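The next block holds one structure in the form of structure tokens; read it before the comments.
The values are calculated or read from the model by the stated rules, or taken from the named source; none is laboratory data. Predicted model only: the values in this text are computed from it and were never measured. Neighbour counts are summed over all protein chains in view; Cβ atoms, including those assigned to glycine, are modelled from backbone coordinates with ideal geometry. Ligands, DNA and RNA are excluded from the accessible area calculation, which covers all protein heavy atoms including side chains. Shrake-Rupley method; radii C 1.70, N 1.55, O 1.52, S 1.80 Å.
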Amino acid sequence: MEPRHAGRTGLRVSRIGLGTLTWGRDTDEHEAAEQLKVFHEAGGTLVDTADVYADGGSEYLLGRLLDTAVPRRDLVISTKAGSVPDPDRRADGSRGHLLAALDASLVRLGTDHVDLWQVHAFDPATPLEETLQAVDLAVTSGRARYAGVAGFSGWQLAKAATWQLAAPGARVRLATTQMEYSLLQRGIEREVLPAALDLGVGVLPSSPLGRGVLTGKYRRGTPPGSRGASERLSAFVAPYLEESARRVVDAVATAADGLAATTLQVALAWVRDRPGVTAPIVGARTTDQLRAALSVETLTLPDEICRALDDVSAPVHRYPDQDWSEL
């Protein structure tokens, strides 16, 4: 698999990442081991987790598989901290919480460092400089090799990245930002993506297949066993089952027919090759689903297909982004 640099840094990762959101909850150790082996054999390196995935179970399961299923040295392990399961405070970016969370992650992962550590959410109750000082401490202490953020809006990303760049050599440059991005969710193109491009921060798209809808499996209804049929996850999928999304999925299917490809391959290739993208993070329920996603490596979309998909999925941008004559 072709490697890419994470933003304007020396960190190189595979251009498709493996997501582990369901590991330790819906994905058991045997299935996780198979997925990790298949990913590794395909040349994949970037494995993404977080301290809140399965309440730490994802990290723990990944740690059990390091050096047993796949050599630790062959992987780029990314985890996150700062998102907390508290309805009154969804994020904690304090220095104390972040560094304690990182130490706990390292214990669960069974490693002395992570390759990429991301602040999982912006915390308005904590001064941003305190959060970023924790990032610097994590890297200078050797517990993390590179750092990034996740779930930051455009202005939040720009403020964080600029603060880090204000003291070259003294502060850790942000390598990545992780946000949802797909043909069904192009909201980051308004401000987050331009900021990332300008500041040299690589984008790691989550849910690059539109929460599974862009695979085309919902075109004829909700299949049994899918996320859309799950009592716990149906609300997660529902926003992408509306008529506007259906038109996009139909266009992707038409493009796939013309290219002798699958809808999954076309949708994933589109987001993988968008400007500023480092690596989409793909989470698969089964190993076969992961193999299907990894098969996109051989596909590059023709320019005319990209333009057609851009047009059919284009988000509405008016004031202050585009034509001011409409005011």
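Residues whose amide H falls under 5 Å from that of residue 75, counting only those 5 or more places apart or on a different chain, are absent, with hydrogens built in the peptide plane.
Between residue 95 and residue 167, the distance separating the two model label sites (each 7 Å from Cα on the Cα→Cβ line) works out to 1.1 nm. A value for Cα extents along the principal axes in Å was derived from the coordinates, and within the list (1) 68, 42, 37; (2) 56, 52, 39; (3) 61, 48, 46 it appears as (2).
The residue among 66, 202, 264 whose Cα reaches farthest toward the positive pole of the charge dipole of the chain, with charges on the beta-carbon of Lys, Arg, Asp and Glu, is 66.
Got a sec? What order do 226, 207 fall in by accessible area at 1.4 Å, biggest, i.e. largest, first? The partial results should precede the final answer.
Numbers: 226 10, 207 30 Å².
Descending order: 207, 226.
Here residue 244 and residue 8 are evaluated by their C-beta separation; at R0 = 30 Å the FRET efficiency comes out at 0.25.
Given a cut-off of under 8 Å on Cα pairs at least six residues apart, what relative contact order in percent is computed for the chain?
Details: 590 pairs, mean separation 57.6, N = 327.
With pairs under 8 Å counted, the relative contact order is 18 percent.
Taking the helices alone, the chain has a mean residue ellipticity at 222 nm of -11000 deg cm²/dmol, built from -39,500 (n - 2.57) per DSSP H run of at least 4 residues and averaged over all its residues. Heavy-atom accessible area with a 1.4 Å probe sorts 80, 159, largest first, into 159, 80. Once the chain from residue 236 to residue 318 is taken as fully extended at 0.36 nm per residue, the excess over their C-alpha distance is 26.8 nm.
Each of 175, 132, 5 was placed along the dipole of the chain (beta-carbon charges, centred on the mean Cα), and the one lying farthest toward the positive end is 5. The distance between label points at residue 133 and residue 304 comes to 5.9 nm (points 7 Å beyond Cα on the Cα→Cβ vector).
When peptides 28-35, 274-281, 307-314 are ranked by their average number of other Cβ atoms within 10 Å per residue, the highest-first order is 274-281, 28-35, 307-314. Ranked by solvent-accessible area (1.4 Å probe, protein heavy atoms only, all chains present), the residues 288, 136 order from largest to smallest as 288, 136.
In nm, what is the difference between 0.36 nm times the number of residues separating residue 74 and residue 254 and their Cα-Cα distance?
Values: separation 180, 0.36 × 180 = 64.80 nm, distance 3.78 nm.
Going from the current span to full extension adds 61.0 nm.
Note: relative contact order over segment 185-327, using C-alpha pairs below 8 Å and six or more positions apart, is 29 percent.
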